[in-house]
Each structure stands twice: as structure tokens, then as C-alpha cells.
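Enquirer: Once you've had a glance at the structure underneath, I'll fire off some questions.
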Amino acid sequence: MTLEFTIDEQTGRLDKVIAAHYQDISRSQAQKWLAAGLVTLNGQVAKGKAPVQAGDRIRLDPPRPQPLAAVPQDIPLDIVYEDDQVLVVNKPQGMVVHPAPGHPDGTLVNGLLFHTSFPGINDVLRPGIVHRIDKDTSGLLMVAKTAQAQASLSAQLKAKTTKREYWAIVHGAFRSATGTIDAPLARDPRDRKRQAVVPGGRHAVTHYQVLEQFPRYALVKCVLETGRTHQIRVHMASIHHPLAGDPLYGPRVTLPGAGQFLHARTLGFTHPTTGEFMAFTVEPPALFQKTLADLRAGIDKTRRVR
């Protein structure tokens, strides 16, 4: 799809101007297109350092995106429960849920396609996926194996009748042992990779309870009422209790790990065909538990991690 615009007021380097004009185009992506000769300035192929001024015409002819389709891969999966309708899996920290640009394979979906089939579900990228957790968040996901199950689980999520509880290690000492964060979330207008509390954003509610308080950290249980992107991470940071190890919303001086200390510990839902409410719990991964054990023993390994 060709993109064209005329400079109104903003001036400066062409790559910066493109990234500022189109929120979904990063500066590095703009530089790649410029290097490939896919951008013209006033009808001439342009370089990234080219200065622009009011009245200049910019045209982008980005390459046609390559279609993505998930392929079966023999990836070990920690399956907690499975029948002919649903599957519950314990996703390890570091695994992406489904293929996306930059992560074409090695995802949970690739492993699921090798393990089972999804009759009646035609989504080639996210078959059976009704909710997600971040790459560096571990824990429970429910997966629909049939179209009937997908419709049922999706409706339960929308009606907020599922049970989703997370454990997180967060910074700071709490004044109150419980609380509710009701703050709308949307893409951060200053950084497209982040979410932020934004007036007019999507409704988001997180309930939290302090399970253990340490000198500089706390173990908290977070219960989701809604399921927005990065919800717990942004909400806890918004009340000055960012998740330990969080590379996007946390401080650089924190507990060392493999990303944020966040684990989807408990998951509950009504079975699509039997009507039985089913609940599952899995403990956090070894690194999370070791860090927690250190904090309980008074060992604080805080350091600069990035």
C-alpha cells in the first residue's frame, strides 16, 4: 500500500519525520525502506538524512508483507489439562504465544499444531487462542480446540466470568494490603512499544492483594477483571509499584531475571460442553521461586540490569 503525505509544519531528518507522522512505522523501519529506495522526496529517491521542510511531498512504497502462517513444530509443551474441547497449558517464560513479525516460529501455537488439531477453526496464525500472556510472563493459558469451545471461552472472557490470578514480585512497600486499580489503557503516545494510562483509553481494572512484604519488594496477587495488553505491568507501575525485572515499565536497578517477575498462577472457566467450572493452579517457574526464597531469607540481589 502506497503512503503519501505533505509536510505541514514538522521539519528535520526524513526518517524521523516519517516515524513521527505514522505511529505504526518505527524509525528503524523507515530507515530500512529508505536504504532500499522505497521512499521518494518530491519525486526523487531520498536518503534517511535528507532534510525536509514545509511543503515537501513524501511517498512511501513499502514492500508487500509476507503472509504468515503457523506451521507444526515438535516443541515440548507442559499440558495441564486436555479433552476434546479445551486444553490448558503452562507457558514457559520466554515463549511467544503465536507467530508475528519477528517471531515466525518457535511459538506456543507452533507446538500446539504439532500436538493436536483444531476442527472448525480457520485462523492460520492463532488457532484456538482466546487470550494471551506476554512473552516473558509464564503461566496458564486456556486454548479452544473446536469452534464451539472458542465461542464459549471468548464469551466468558467478555462477560468477565473467567478466573485469572497472577503472582508478581513488585518494587516498594505498600501502605494498604489490598487495592483496585481502575485506569484506562491505550498505546503510549510517546512510545508505540508501550501501553500507558491514557484518558479515553480502554476500560481496565486490576485488583491486587499483598501476599508478602519484604524491605524493598513485595509478592502480590493480581486478579484481572479485564485483559488489556500489559495490563498488570502498566497498572502496577502507575501506582509506583512496577514489576521487578520489567524491561519496559520498571527501573533499571532491579532484581535480575529473564524479564518481569509475573506468573499466571490460577485459571478458571466453565467447560464449553459440560457446564462444569474448572480451575487450575501451577506454581511459578524455578527462577521466580528462587528469587522469592532469597527475599524470604533476607537476600536482596538488586543490581543494575540494563
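Enquirer: Starting from residues that are surrounded by 11 or more Cβ atoms within 10 Å (Cβ to Cβ) and not aromatic (Phe, Trp, Tyr), keep the ones in segment 1-15 and report whichever is farthest from Arg190 (Cα to Cα).
Expert: Applying the filter and picking the extreme gives Leu3.
Enquirer: Could I ask something else about it? So which residues in segment 110-133 are more than 20 Å from Lys160 (Cα to Cα) and touching a His at 6+ places or on another chain (Cβ under 7 Å)?
Expert: Correct list: Leu125, Arg126.
Enquirer: Hey, another quick one. Does Phe114 satisfy the criteria of being outside any loop (DSSP other than H, G, I, E, B), over 19 Å from Lys135 (Cβ atoms), in contact (Cβ under 8 Å) with a residue 24 or more places away in the chain and outside the structural domain of Ala35 (by TED's automatic domain parsing)?
Expert: The answer is yes for Phe114.
Enquirer: Restricting attention to segment 252-286, and to residues there that are surrounded by fewer than 17 Cβ atoms within 10 Å (Cβ to Cβ) and either out of contact with any strand residue (DSSP E or B) (no Cβ under 7 Å at 6 or more places or on another chain) or among the acidic types (Asp, Glu) (or both), which single residue is nearest to Gln150 (Cα to Cα)?
Expert: Thr273
This table checks each residue for (1) within 19 Å of the chain's Cα centre (by Cα); (2) at pLDDT below 85; (3) in the same structural domain as Val130 (by TED's automatic domain parsing); (4) surrounded by 15 or more Cβ atoms within 10 Å (Cβ to Cβ).
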residue	(1), (2), (3), (4)
Val17	no, yes, no, yes
Ser26	yes, yes, no, yes
Gly37	no, no, no, no
Lys49	no, yes, no, no
Ala54	no, yes, no, no
Asp74	no, no, no, no
Gln85	no, no, yes, yes
Asn90	yes, no, yes, yes
Thr107	yes, no, yes, yes
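Enquirer: Determine whether Arg296 is in contact (Cβ under 8 Å) with a residue 60 or more places away in the chain and loosely packed, with under 14 Cβ neighbours inside 10 Å.
Expert: Here the answer is yes, as Arg296 does meet what is asked.
Enquirer: Another question about this same structure. For segment 86-100, name all the residues that are touching a Phe, Trp or Tyr at 6+ places or on another chain (Cβ under 9 Å) and part of a loop (DSSP other than H, G, I, E, B).
Expert: Gln93
Enquirer: Quick one: which strands (runs of 3 or more DSSP E) lie wholly within segment 123-231 and hold at least 2 residues that are among the aliphatic types (A, V, I, L, M)?
Expert: 138-144, 163-171, 185-187, 195-197, 205-213, 217-224
Enquirer: Next question, about the same structure. Please go through segment 31-45 and pick out each residue that is in contact (Cβ under 8 Å) with a residue 24 or more places away in the chain and part of a helix (DSSP H, G or I).
Expert: Listed by number, the list holds a single entry, Trp33.
The values are calculated or read from the model by the stated rules, or taken from the named source; none is laboratory data. Remember, it's a predicted structure, so these values are computed and weren't measured experimentally. In this analysis, Cβ positions are derived from the backbone assuming ideal geometry, glycine residues included, and neighbour counts consider all displayed protein chains.
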